[in-house]
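What follows is one structure encoded as structure tokens, with my remarks underneath.
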Amino acid sequence: MKRFVQEFTKGIIKENPTFVLVLGLCPTLAVSVSVINGIGMGIAASFVLLGSNIIIALIKNFIPERIRIPCYIVVIATFVTITELMMKAYSPALDRALGIYVPLIVVNCIVLGRAEAYASKHSVRYSLSDALGMGVGFTLALILISAIREFLGSGKLLGQVIFKGFEPASVFAMPSGALLVIGLLLGFFNLIKMRKK
Amino acid sequence: MNKLIVNTSPHLHKKENVSRIMWAVVLSLIPAGIAGVVIFGWGALRVIILAVAAALISEVVIQFLTRKKVALLDGSAFLTGLLLAYNLPPEVPFWLPIIGSIFAIAIGKQVFGGLGQNIFNPALVGRVFLMASWPKYMTSFTLPLKYDTVTSATPLAMLKEGKVLENISHWDLFLGLRGGCIGEVCILALLLGAAFLFWRRYISWHIPITYIAATGIFTYIFAGKTLLSGDWFFHILSGGLILGAFFMATDYVTSPLTCKGQVIFGLGCGLLTAIIRIWGGYPEGVSYAMLMMNAAAPIIDRYTRNRIYGTK
């Protein structure tokens, strides 16, 4: 049980997929314009990660070594299709906002990375824990980045205006602003890590 | 026998150092600043003071926080603030030059490790950041010699909108009687400053002349209604070309080292400026052209490296 908790918590801070592993930056840059989009993307990717990690951990002994990546992709694509159709059916607004980035979860390197680096080597129990931790870590990172970008770029948080008279800097709503915020956050977290040592 | 001093080379010393050159550039920019204040009124002076003060303060704060040697008086932060102010319209809200300067120093320079390490010209980074963030303020200019907030477009912006420029002569452009940024309008004052820098040999002809010539030639060929009918003289005199070519493209840190490289750098800047002005979305392309060539400077340096004597 202790290890189960450990595998979960490592994904949140120690091996945070965005800020430590620096994986999945493409969707992070693209959808972090608003917090709602960030949360939607985080949950969608977490669901796919959970499903693919469990299935791959289950079938890892039947997958031939040389074609393992295509096999992983097939499993991942299945869950992405489920997610995409569910999203289209139950929250079309979010689906429109995320656009092409939902189908692109198939090639999200967090999902494939965890399949290759973790689920194919560990048991179902720990793979589930790992997927949950990574999913939560990714979602939290997205929320942090998108909160900064939404606040600075459009003066809002979750669609609500915070300060009257605050003039938002529209650069943060653009891709260049996303790179800027992610770069500064990465530097900031590295600084904290260096100070700790 | 104490008069004989045994020493290793180099034996020739010059009094020049970074901070002397920085202050000389500041000095050479003063005429343009005075001209800007005369043309646009005290609002321009307010912008200059705010930008310079914010640049100096953020330089000190960052150097203090990162435990580096505080080098406030080396003139580089002062120059960055001054150049940024010269690239702003005269009637901007008070916080705009402050945020621009902080961004220029923090993100444009100190993030890379301070003076000498930055890839891009810090003042341009600040300007482009402001341009992308608050385009509303960055593109509302005041009329010259009116001293109130009558907004007008720059000659280049009018040209972009397809208006005919009849009431602005080349002479007006040369003296600075047009809408524009504080430091870019008065070509006469800028040329005075540039002449000073040439006289002291702080800048060479390679970057500015090729830059201006390339812009002139390219706009002459393509900017007119038919080929070879562009008003090249208008394009040289308008916008921030003169300010950029003499004072910003020649920045030692962000331009190539060799003469050959500097010529390529200047030609590239001119070409990009003309392309952005003629076909781009913005009326003015000087700052973007220079930033793009700043990014290319290391690779230009690599391919134009001088042959070391005795090697193949």
Next on the checklist: I'm told A:Gly165 meets every condition in (1) within 14 Å of another protein chain (Cβ to nearest Cβ); (2) in contact with a Lys or Arg (Cβ under 9 Å, 6 or more places away or on another chain); (3) farther than 23 Å from A:Leu29 by Cα except one. Can you identify the failing condition by its number?
Outcome noted: (2)
Checklist outcome for this item: The residue from A:Ser34, A:Ser123 that alone is touching a residue at least 12 places away in the same chain (Cβ under 8 Å), surrounded by fewer than 17 Cβ atoms within 10 Å (Cβ to Cβ) and among the small types (Gly, Ala, Ser) is A:Ser123
Checklist entry - Quick one: A:Leu158 ticks every box in (1) at pLDDT below 85; (2) out of contact with any helix residue (DSSP H, G or I) (no Cβ under 8 Å at 6 or more places or on another chain) bar one, so which box is it? => result (2)
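Which residue is farthest from the other protein chains (Cβ to nearest Cβ), if the candidates are limited to the stretch A:177-192 and must be surrounded by 12 or more Cβ atoms within 10 Å (Cβ to Cβ) and free of Cβ contacts under 8 Å to residues at least 24 places away in the same chain?
Applying the first criterion (surrounded by 12 or more Cβ atoms within 10 Å (Cβ to Cβ)) to the stretch A:177-192 yields A:177-186, A:189-190.
Checking which are free of Cβ contacts under 8 Å to residues at least 24 places away in the same chain leaves us with A:180, A:183-184, A:190.
Details: A:Leu180: 7, A:Gly183: 8, A:Leu184: 8, A:Asn190: 13 Å.
Selected residue: A:Asn190.
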Item to check | The lone exception for B:Val128 - which of (1) within 14 Å of chain A (Cβ to nearest Cβ); (2) in contact (Cβ under 8 Å) with a residue 12 or more places away in the chain; (3) over 15 Å from the mean Cα position of the chain (by Cα) it fails | outcome: (3)
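Quickly run through the stretch A:28-51 and pick out the residues that are among the aliphatic types (A, V, I, L, M) and within 19 Å of A:Tyr90 (Cβ to Cβ). Talk me through it step by step, then tell me what you get.
Let us first name the residues in the stretch A:28-51 that are among the aliphatic types (A, V, I, L, M), namely A:29-31, A:33, A:35-36, A:39, A:41, A:43-45, A:48-50.
Across the stretch A:28-51, the qualifying residues are A:Val31, A:Ile36, A:Ile39, A:Met41, A:Ile43, A:Ala44, A:Ala45, A:Val48, A:Leu50.
Given the structure, is A:Glu116 buried (at least 19 other Cβ atoms within 10 Å of the Cβ), touching a residue at least 12 places away in the same chain (Cβ under 8 Å) and either on the phi > 0 side of the Ramachandran plot or assigned to a helix (DSSP H, G or I) (or both)? Steps first, answer last, please.
Numbers: buried (at least 19 other Cβ atoms within 10 Å of the Cβ): no; touching a residue at least 12 places away in the same chain (Cβ under 8 Å): yes; either on the phi > 0 side of the Ramachandran plot or assigned to a helix (DSSP H, G or I) (or both): yes.
No.
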Checklist entry - If you check B:Thr273, B:Thr254, which single one turns out to be over 11 Å from the mean Cα position of the chain (by Cα) and either in a loop (DSSP other than H, G, I, E, B) or modelled with pLDDT under 90 (or both)? => result B:Thr254
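Residue-by-condition table, conditions (1) in contact (Cβ under 8 Å) with a residue 24 or more places away in the chain; (2) more than 17 Å from B:Leu156 (Cβ to Cβ); (3) surrounded by fewer than 24 Cβ atoms within 10 Å (Cβ to Cβ):
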position	(1), (2), (3)
B:Gly224	no, no, yes
B:Gly244	yes, no, no
B:Gly280	no, no, yes
B:Leu291	yes, yes, yes
B:Ala297	yes, yes, yes
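Would you call B:Ser58 more than 14 Å from every other protein chain (Cβ to nearest Cβ), of a type in the set (S, T, N, Q) and closer than 28 Å to A:Ile192 by Cα? Step through it out loud before you land on a result.
Details: more than 14 Å from every other protein chain (Cβ to nearest Cβ): yes; of a type in the set (S, T, N, Q): yes; closer than 28 Å to A:Ile192 by Cα: yes.
Yes: the conditions hold for B:Ser58.
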Next on the checklist: Can you pull out every residue in the stretch B:57-90 that is in contact (Cβ under 8 Å) with a residue 60 or more places away in the chain and in contact with a Ser or Thr (Cβ under 6 Å, 6 or more places away or on another chain)?
Outcome noted: B:Pro90
Item to check | Residue match in the stretch A:142-155 (condition: modelled with pLDDT under 85, more than 14 Å from chain B (Cβ to nearest Cβ) and not in a helix (DSSP H, G or I)) | outcome: no
Checklist entry - Given the conditions (1) within 22 Å of the chain's Cα centre (by Cα); (2) modelled with pLDDT under 85, which single one is not true for B:Lys15? => result (1)
Item to check | Members of the stretch B:121-146 that are closer than 12 Å to B:Phe103 by Cβ and in contact with a Gly (Cβ under 6 Å, 6 or more places away or on another chain) | outcome: B:Pro122, B:Val125, B:Gly126, B:Leu130
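So, in the stretch B:103-119, exactly how many residues are within 14 Å of chain A (Cβ to nearest Cβ) and surrounded by fewer than 24 Cβ atoms within 10 Å (Cβ to Cβ)?
Of the stretch B:103-119, the ones within 14 Å of chain A (Cβ to nearest Cβ) are B:103-104, B:106-108, B:110-113, B:119.
Going one step further and asking which of them are surrounded by fewer than 24 Cβ atoms within 10 Å (Cβ to Cβ), we end up with B:106-107, B:110-113, B:119.
The number of residues fulfilling the criteria is 7.
Could you please let me know if A:Arg195 is exposed (fewer than 15 other Cβ atoms within 10 Å of the Cβ), free of Cβ contacts under 8 Å to residues at least 24 places away in the same chain and within 14 Å of another protein chain (Cβ to nearest Cβ)? Walk me through it before giving the result.
Working: exposed (fewer than 15 other Cβ atoms within 10 Å of the Cβ): yes; free of Cβ contacts under 8 Å to residues at least 24 places away in the same chain: yes; within 14 Å of another protein chain (Cβ to nearest Cβ): yes.
Criteria met by A:Arg195.
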Item to check | Number of the exception - B:Tyr137 against (1) within 14 Å of chain A (Cβ to nearest Cβ); (2) under 28 Å from A:Phe166 (Cβ atoms); (3) at pLDDT 90 or above | outcome: (3)
Checklist entry - For B:Val111, all conditions in the list (1) at pLDDT below 85; (2) in a helix (DSSP H, G or I) hold save one; what is the number of the exception? => result (1)
Checklist entry - In the stretch A:93-100, is there at least one residue being among the acidic types (Asp, Glu), within 14 Å of chain B (Cβ to nearest Cβ) and surrounded by fewer than 20 Cβ atoms within 10 Å (Cβ to Cβ)? => result no
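Give me a count of the residues in the stretch A:119-137 that are part of a helix (DSSP H, G or I) and of a type in the set (Lys, Arg). Quick ask: steps written out before the conclusion?
Narrowing the stretch A:119-137 to residues part of a helix (DSSP H, G or I): A:119, A:124-137.
Pick out the ones that are also of a type in the set (Lys, Arg) and you get A:125.
Of the residues in that region, 1 qualify.
The values are calculated or read from the model by the stated rules, or taken from the named source; none is laboratory data. Source: prediction; values computed, not measured. For neighbour counting, all protein chains shown are included, and Cβ atoms are generated from backbone atoms with ideal geometry for every residue, glycine included.
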